[in-house]
Every structure is written in structure tokens, then in C-alpha cells.
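Novice: Sharing a structure below in C-alpha cells format, with a few things to ask.
The values are calculated or read from the model by the stated rules, or taken from the named source; none is laboratory data. All figures in this text were calculated on a predicted structure; none of them were measured in a lab. Every residue, glycine as well, gets a Cβ built from its backbone with ideal geometry; the counts of neighbours run over all protein chains shown.
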Amino acid sequence: MCIRDREEPSPPALEPQLYERVDALRRDVADLFAVSDTTLDFPAKGHIRFRGQFLRPPADCFDELRRRFERHGYTPMTEKEDDGRVALVALPVVFAQHHPRWIINLILFLLTIGSTLYVGATYGALTMEQAMAQAREWWNGWPFAVSILLILGAHEMGHYFAARRHNVPVTLPFFIPLPWSYFGTLGAFIQLRGPVTNRRALFDVGAAGPLAGLVFAVPVLLIGLATSGLGTIAPGQQYEGNSILYLLAKLAVFGRILPGGGTDVYLNQVAWAGWVGLFVTGLNLLPVGQLDGGHVAYALFGERSRRFLWPVVIALALIVAYSWRQGAPALTWVLWIFLLMSFGRVHARPLEDISPLDPRRRALAIFTLVLFFLCFVPLPLVALAR
């Protein structure tokens, strides 16, 4: 065994305990991982790096390997080295599922119910006075509130149950109320309190939300469109914006491409919630950073997924430039370019980053990324000329 200490030597009284712990850990995993050399305090203080080879496929044995590491107070993380060997790093921490403090989640959810009821009740108001009058009958906003919370709730619970299935520590969903907006909410999020095990788990957690949300968003949209009417487009009227899926939904319900011929659909509360559901799904599926699409892209392509950042940013910048020349700037993407440049470089890296996706998940990952193009709205919430 070759042990090198990259930092200052440990105090003599602790060295025997440390060496015994390292040796016990090596012996405990000897039937799963053949160690060729060991390095202490690398790549950081308190870490232990074992280099060698798995004796079984990592995807089949990593959960058992992790359980054995956790018995000694460590969590394993792997990466492939240039010489073909595997670096198995023992992180001096164990990630455990914490009991959720649900009271904050409940308060935020109740506030979001109130904010979406307000937006639904004031939907279609043309003046502030009209909006305030409609807001006094806040219960009339229930179609929008129920529809949008159903879509967002399904999205977040998809993430939550996928994370729990893979034993990833996770919080309950946090809903964000925002009554003075088009949507009544900034959406919702869950917080992972520990890393996912492998790319398969990363894909399941990332894709479960958008797929679960769409299961509800598409029927809500179709029901809303079927109960909405057509009307004449007024010059300068705000237009929600077409995605491919939204365009096809209007074609299926009305039998024509809309807007067209000076006519468009006037969305009721339910249809508006369905559109918002598709729009939010498209945003989440941007294949960048720690967005849902970023998780799916990393699970499918690994480190190569980092190359998507600049093409996405450039594409959004071109959309902004085009919309500006048309006299209806899509300012939404200015904010998103700033957010992606600030936070889009960080990916959620799984502990076992060697095993690729299995064929079924690979096909589903490709389908999920295709959904991004179907749900993406290039020109959202802009003024539309006749």
C-alpha cells in the first residue's frame, strides 16, 4: 500500500487510528473494488483517494459500496482517470434524509393559493379599478388557481418522489407566491440535501418533474382551449406566444393556425394556466446548469453537456436582437441570459459518474430534450401588431 500525505502530517497520536480506519475501509470493499494505491488528504483535507478498478459493474454495486463506506463515516465518489484507472474518493461526510420542516412549505403553499386566486380573479381586467373590483370576488379565480397549482404540484412532486426513490435527501416543495404578476407565482422548487448516486438517478430526478407536469398541463390546456373563444386581434395587443406544442394544441381544437387572419384565441383562466404550464416546462428544460434540462443533459452526455451553455446563451441573444428589430423586444430572455451566465456553469455531478444511462433511459432522455423544443416559446408575452 502506497500512502502519501499531501498536507502536514497528522499528530502522531492520531496516525495509528487513521491508518487503521483506512485499512478497515479497504478491506471492507475488497470484493467490490481492487485498490492499487491510496492517498490521504487528497483532493482535500480529510478525503481519502483510492485508485484501482471495480470488480463488478459500478451501476450494479455502487449502492452496496456506498453503504459500506457510510459504516465508516464516509461517502464514495468516483471519476475515470486518463490512464484508465478509477479514482474512488472517500468524502468525510454521510448524507442522511432529514425530517422535513413542513410548516414553512405549508405557509408558502397557502400564500401561493391566495396569490393565484388573486391573479385568476383579476384575469382579463383592463384597468386597475376593474382589477380591484374583480379581486373583491377572489373566489372567482379558482379555475386558474386549481389548474396552475395542479400542474406545478405534479412537477415538483415528480422530482420529490424520484429523489426519495433513489434515497436522495430532499425537501418538500417550496412554492413562491407572487400576486402582482401574470402567473401568480414564481413557481416552486425542491432542494436536494445530498448528491445523487449515479447518472440514472440524476436523470430520473431531473426528468420526473417536467414529465409529470406535462401529464396535467396538456389536458388542462386542451380543456381550456375548448372552452375559450376566438376574437379579433387589436393592434398592440399582448400575445402570449406560440410554442410548437401550443400551436398544435390550437390546431387540434380550432382546426386552424392561430394567430392568423387577424384572429386569435382569447384564453380563459384554465387555458392560461395550461399555457403557463407549457412555458414553465420549456424554461426548466433548458439544457444548462442545474435546471431540469441540465440534469437530463448531464445524465446523457456527462461533462460534454457543459458545452451547451454558450450555444443556448447565443441563441437567446439572437432572439432578443430579432424581437428588438421587430419592435416587440422579448425582454424575458435578457433576464435569463444574465441568470444562465451567473449560475449555468454549475452541474449536479453524481457520486458514481462512470456508468452511462441504460438504453431505456437514454431513449427517454432524448425524448425529454426534444420536449424542450416542443415547449419552448421564442417570443413570450410581446405586443402583436395586426
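One line per residue, one yes/no per condition, for (1) more than 30 Å from Tyr239 (Cα to Cα); (2) modelled with pLDDT of 95 or more:
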| site | (1), (2) |
| --- | --- |
| Arg304 | yes, no |
| Gly327 | no, no |
| Ala330 | no, no |
| Val346 | yes, no |
| Asp353 | yes, no |
| Arg362 | yes, yes |
| Thr368 | no, yes |
| Leu374 | no, yes |
| Arg386 | no, no |
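Novice: Also, quick follow-up: Which of the residues spanning segment 67-95 are more than 25 Å from the chain's Cα centre (by Cα), outside any loop (DSSP other than H, G, I, E, B) and not hydrophobic (A, V, I, L, M, F, W, C)?
Specialist: Of everything in segment 67-95, those that are more than 25 Å from the chain's Cα centre (by Cα), outside any loop (DSSP other than H, G, I, E, B) and not hydrophobic (A, V, I, L, M, F, W, C) turn out to be Arg67, Arg68, Glu70, Arg71, Lys80.
Novice: Hey, another quick one. Tell me, please, whether a residue that is in contact with a strand residue (DSSP E or B) (Cβ under 6 Å, 6 or more places away or on another chain) and of a type in the set (D, E, K, R) can be found in segment 94-116.
Specialist: Checked against the condition, which is being in contact with a strand residue (DSSP E or B) (Cβ under 6 Å, 6 or more places away or on another chain) and of a type in the set (D, E, K, R), segment 94-116 yields no hits at all.
Novice: Report, by residue number, each residue of segment 342-386 that is touching a strand residue (DSSP E or B) at 6+ places or on another chain (Cβ under 7 Å) and either among the aromatic types (Phe, Trp, Tyr) or closer than 23 Å to Val89 by Cβ (or both).
Specialist: Hits for segment 342-386 are Pro350, Leu351, Glu352, Asp353, Ile354, Ser355.
Novice: Between a first residue in segment 367-382 that is under 17 Å from Ala317 (Cα atoms) and among the β-branched types (Val, Ile, Thr) and a second residue that is modelled with pLDDT under 95 and assigned to a strand (DSSP E or B), which pairs have beta carbons less than 9 Å apart while being 6 or more apart in sequence or on different chains?
Specialist: Within 9 Å, the pairs are Val382/Gln238; Val382/Tyr239.
Condition check ((1) over 30 Å from Pro143 (Cα atoms); (2) surrounded by 20 or more Cβ atoms within 10 Å (Cβ to Cβ); (3) hydroxyl-bearing (Ser, Thr, Tyr)) across all residues:
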| residue | (1), (2), (3) |
| --- | --- |
| Val280 | no, yes, no |
| Asp292 | no, yes, no |
| Val296 | yes, yes, no |
| Arg307 | yes, no, no |
| Tyr322 | yes, no, yes |
| Leu331 | no, no, no |
| Leu351 | yes, yes, no |
| Phe376 | no, yes, no |
| Ala383 | no, no, no |
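Novice: Same structure again: Tell me, yes or no, whether segment 97-110 has at least one residue that is more than 30 Å from Pro195 (Cβ to Cβ) and not in a loop (DSSP other than H, G, I, E, B).
Specialist: Scanning segment 97-110 turns up at least one residue that is more than 30 Å from Pro195 (Cβ to Cβ) and not in a loop (DSSP other than H, G, I, E, B).
Novice: Another question, if that's okay. Which of the residues that make up segment 78-88 are at pLDDT 90 or above and either on the phi > 0 side of the Ramachandran plot or in contact with an Asp or Glu (Cβ under 8 Å, 6 or more places away or on another chain) (or both)?
Specialist: Those that are at pLDDT 90 or above and either on the phi > 0 side of the Ramachandran plot or in contact with an Asp or Glu (Cβ under 8 Å, 6 or more places away or on another chain) (or both): Thr78, Val86, Ala87.
Novice: Additional query: Of the residues Ala154, Ala131, Ala125, Ala145, which is modelled with pLDDT under 95, surrounded by 14 or more Cβ atoms within 10 Å (Cβ to Cβ) and outside any loop (DSSP other than H, G, I, E, B)?
Specialist: Ala131 is the lone residue from the list that is modelled with pLDDT under 95, surrounded by 14 or more Cβ atoms within 10 Å (Cβ to Cβ) and outside any loop (DSSP other than H, G, I, E, B).
Novice: For segment 243-278, give me each residue that is among the small types (Gly, Ala, Ser) and surrounded by fewer than 17 Cβ atoms within 10 Å (Cβ to Cβ).
Specialist: Passing the criteria: Ala252, Gly255, Gly260, Gly261, Gly262.
Novice: Residues that are touching a residue at least 24 places away in the same chain (Cβ under 8 Å), out of contact with any His (no Cβ under 7 Å at 6 or more places or on another chain), among the hydroxyl-bearing types (Ser, Thr, Tyr) and in a strand (DSSP E or B): does segment 181-199 have at least one?
Specialist: yes
Novice: Mind listing whichever residues of segment 157-167 are touching a residue at least 40 places away in the same chain (Cβ under 8 Å) and either touching a Leu at 6+ places or on another chain (Cβ under 6 Å) or in a loop (DSSP other than H, G, I, E, B) (or both)?
Specialist: Correct list: Asn167 only.
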